[in-house]
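Read the structure below first, then the notes.
The values are calculated or read from the model by the stated rules, or taken from the named source; none is laboratory data. Because the structure is predicted, anything quoted here is derived from the model rather than measured. Reconstructed Cβ throughout: ideal geometry from the backbone, glycine too, with neighbour counts over all protein chains shown. Areas reflect the complete protein model, heavy atoms only, side chains present, ligands, DNA and RNA absent. Shrake-Rupley method; radii C 1.70, N 1.55, O 1.52, S 1.80 Å.
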Amino acid sequence: MQRTLVLLKPDAVQRGLIGPIISRLERRGLKIVGMKLMQVSEELAYRHYGEHEGKPFFPPLISFITSGPIVAIAIEGAEAVDVVRTTMGATKPAESTPGSIRGDFGVDIGRNLIHGSDSIESAERELALFFSEDELLDYSRATDPWIAE
Ligand code: DAT
Ligand code: MG
């Protein structure tokens, strides 16, 4: 079982897409093990997106992610990292397939609605940035055996 970090970015919150996006993750069978509405500080934004520092899109990315509330979600499931990434769709809207979250709701790379960790290592690092241990819950659902063997 893996855990990964999802962020519903400020555009998703402003456009009233929290429900529809979470719905798609739930529908896939993924389990929410932590969730909060929060404002990302400049410091947290830099730590989260540190790998992109120096790239031309870094300053607008920091200003966008700190521009309004986001929803941080800790997701658990079999192969959760890759399952979330495929459910999200590709970073560039022209490459996000219809049926994916970005492919159905977005047209601009700078307003692509959702973040998902790109590896198990990133997931561990990013989950620790957004959640304390006691904010991540361990529980089972009656449907779990119907979702994964
Ligand atoms: P992803 O969010 O799919 O993991 P990433 O980690 O490469 O993509 O980049 C982080 C975010 O930065 C991405 O969601 C949108 C923005 N971004 C990436 N490449 C960009 C580009 N070429 N122009 C503008 N924004 C970009
Ligand atoms: Mg990334």
Using amide H atoms built 1.01 Å from N in the peptide plane, name the residues 5+ places from Ile114, or on other chains, whose amide H lies under 5 Å from its own.
Lys9
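Please give me the summed charge of the neighbours of Phe131: other residues whose Cβ is under 14 Å from its Cβ, Lys and Arg +1, Asp and Glu -1.
Combined, the nearby Lys, Arg, Asp and Glu give -3.
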Under 5 Å between amide H atoms, partner at least 5 residues away or on a different chain: which partners does Gln2 have, H built in plane at 1.01 Å?
Gly77, Ala78, Glu79, Ala80
Using helices alone, what [θ] at 222 nm do you get for the chain, with -39,500 (n - 2.57) per DSSP H run of 4 or more residues, divided over all residues and rounded to the nearest 500?
-10000 deg cm²/dmol
First measure r as the distance between the Cβ atoms of Asp144 and Arg28, then evaluate 1/(1 + (r/R0)^6) with R0 = 22 Å and state the FRET efficiency to the nearest 0.05.
0.95
Residue-ordered couplings for the range 20-28, obtained by feeding phi - 60° into the Karplus form 6.51 cos²θ - 1.76 cosθ + 1.60 and rounding to whole Hz (Gly and Pro as x), are x, 6, 4, 4, 5, 5, 5, 4, 5
Relative packing of 139-149, 60-70, 106-116, which averages over residues the other C-beta atoms within 10 Å, highest first:
106-116, 60-70, 139-149
Would you mind getting the accessible area per residue of the chain, heavy atoms of the protein chains only, 1.4 Å probe, in Å²?
54 Å²
Report P(r) for the range 2-135: all Cα-Cα distances, bin width 10 Å, range 0 to the bin holding the largest distance, values in whole percent.
13, 46, 37, 4
Ala128 and Tyr46 label points (each 7 Å along its Cα→Cβ direction) are spaced in nm at 1.9 nm
For the range 64-74, in residue order, the Karplus 3J(HN,Hα) values (coefficients 6.51, -1.76, 1.60; θ = phi - 60°; whole Hz; Gly and Pro = x) are 5, 5, 9, 7, x, x, 10, 10, 9, 10, 9
Partner lysines for Lys31 [C-alpha distance under 24 Å; skip if fewer than 8 residues away on the same chain]
Lys9
Quick one: pull the percent of accessible area on the range 2-135 belonging to carbon and sulfur, 1.4 Å probe, ligands and nucleic acids left out.
52 percent
